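Participant: Below you'll find the structure I mean.
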Amino acid sequence: MTETLDPTLRDLLLLDTSHVSDAMDRLGIPGQIAGLLPLQRTDRLAGRAFTVRYVPITGTGGTVGDYIDDLAPGTAVVIDNAARFDTTVWGDLLTATASQKGLAGTVIDGVCRDSDRAVELGYPVYARSRWMRTGKDRVRVENYDVPVTVGGVCVEAADYLLGDADGVVCVPAARISEVIDLSVGIRDAEDAIRQAVEAGATLRDARAAAGYHALQTRRN
């Protein structure tokens with residue numbers, strides 16, 4: 001499917017979250033989303049954020065949202081459910097529709113349900129955990145396409161998301177080119193270290209030659 005992606009997303013998919021995380025440390029960008037992991041270690045996600053914020057229902061009314069029909073292929077759904085473990089905001093019907101539409105995946109600061117369906121379809125879902133209790137009559141959508149906080153990171157509409165077995169990072173849209181360029185350099189330096197060790201060098205010497213210990217260090 002990478003051939004249908006825009007070039008930036010294709011470049012992101014050639015990187016690991018560890019490369020991007022180190023690059024963001026070096027640039028002073030707080031984008032490592034804490035506490036969210038994929039349902040499957042083989043999941044990979046690269047997409048641009050469509051944000052959704054949920055709040056508790058305090059009276060009557062409200063909806064869990066029918067936004068999924070309006071999203072374009074390659075979109076990453078990013079849901080701020082305030083890290084709640086007691087009510088889900090993503091399940092089977094959303095997964096099936098998102099998969100059919102070719103969405104990039106879903107990132108939830110909270111829990112999902114019907115996880116077997118996501119695994120069956122190979123649809124990437126990153127969440128704090130999974131639980132079966134519905135969000136209907138418990139939470140409602142407050143806003144779409146607004147800045148949300150997910151795992152301690154502010155995610156804005158159209159920011160870039162990359163996810164793999166180690167979690168998810170968010171790159172602000174305005175910084176994506178420099179983050180990718182620096183991430184590629186970090187990846188190449190680590191590849192050079194690996195190749196040097198395989199050729200017989202010590203890890204100490206290979207790291208020193210590549211400047212390994214300062215690859216992620218903030219530059220002024």
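The values are calculated or read from the model by the stated rules, or taken from the named source; none is laboratory data. If you're wondering where the values come from, they're calculated on a predicted model, not measured in any experiment. All Cβ positions, even for glycine, are placed from backbone atoms using ideal geometry, and neighbour counts span all protein chains on display.
Participant: Based on this model, can you work out whether residue 165 counts as at pLDDT 95 or above, surrounded by fewer than 16 Cβ atoms within 10 Å (Cβ to Cβ), over 21 Å from residue 28 (Cα atoms) and in the same structural domain as residue 65 (by TED's automatic domain parsing)? Break it down stepwise before answering.
Facilitator: Numbers: at pLDDT 95 or above: yes; surrounded by fewer than 16 Cβ atoms within 10 Å (Cβ to Cβ): yes; over 21 Å from residue 28 (Cα atoms): yes; in the same structural domain as residue 65 (by TED's automatic domain parsing): yes.
Yes; evaluated as a whole, the condition is true for this residue.
Participant: Next question. Quick one: residue 17 ticks every box in (1) polar (S, T, N, Q); (2) in contact with a Ser or Thr (Cβ under 8 Å, 6 or more places away or on another chain); (3) within 19 Å of residue 180 (Cα to Cα) except a single one, so which number is it?
Facilitator: Result: residue 17 passes all but (2).
Participant: Across the range 128-156, what is the total count of residues that are outside any strand (DSSP E or B) and among the β-branched types (Val, Ile, Thr)? Quick ask: steps written out before the conclusion?
Facilitator: Filtering the range 128-156 down to residues outside any strand (DSSP E or B) leaves 128, 131-138, 145-147, 151-152, 156.
Narrowing the set further to residues that are among the β-branched types (Val, Ile, Thr) leaves 134, 146.
Looking only at that region, the number is 2.
Participant: Is there any pair linking a residue in the range 206-220 that is over 14 Å from residue 187 (Cα atoms) and of a type outside the set (Asp, Glu) to one that is at pLDDT below 90 and part of a helix (DSSP H, G or I), with Cβ under 8 Å and at least six apart or on different chains, and which?
Facilitator: Note: pairs meeting the criteria are 206/212.
Participant: Evaluate the range 168-180: report whether one residue or more is at positive phi and not in a helix (DSSP H, G or I).
Facilitator: Let us first name the residues in the range 168-180 that are at positive phi, namely none.
No: zero hits.
Participant: Could you say which residue among 79, 68, 57 is aliphatic (A, V, I, L, M), farther than 22 Å from residue 8 by Cβ, crowded, with 18+ Cβ neighbours inside 10 Å and over 16 Å from the mean Cα position of the chain (by Cα)?
Facilitator: Result: 68 is the single residue among 79, 68, 57 that is aliphatic (A, V, I, L, M), farther than 22 Å from residue 8 by Cβ, crowded, with 18+ Cβ neighbours inside 10 Å and over 16 Å from the mean Cα position of the chain (by Cα).
Participant: Same structure again: Just name the residue that is nearest to residue 47 (Cα to Cα) out of those in the range 84-105 that are of a type outside the set (A, V, I, L, M, F, W, C) and in contact (Cβ under 8 Å) with a residue 40 or more places away in the chain.
Facilitator: Out of the qualifying residues, it is 105.
Participant: Report yes if some residue within the range 53-73 is assigned to a helix (DSSP H, G or I), touching a residue at least 12 places away in the same chain (Cβ under 8 Å) and not aromatic (Phe, Trp, Tyr); otherwise report no.
Facilitator: Checked the range 53-73: at least one residue is assigned to a helix (DSSP H, G or I), touching a residue at least 12 places away in the same chain (Cβ under 8 Å) and not aromatic (Phe, Trp, Tyr).
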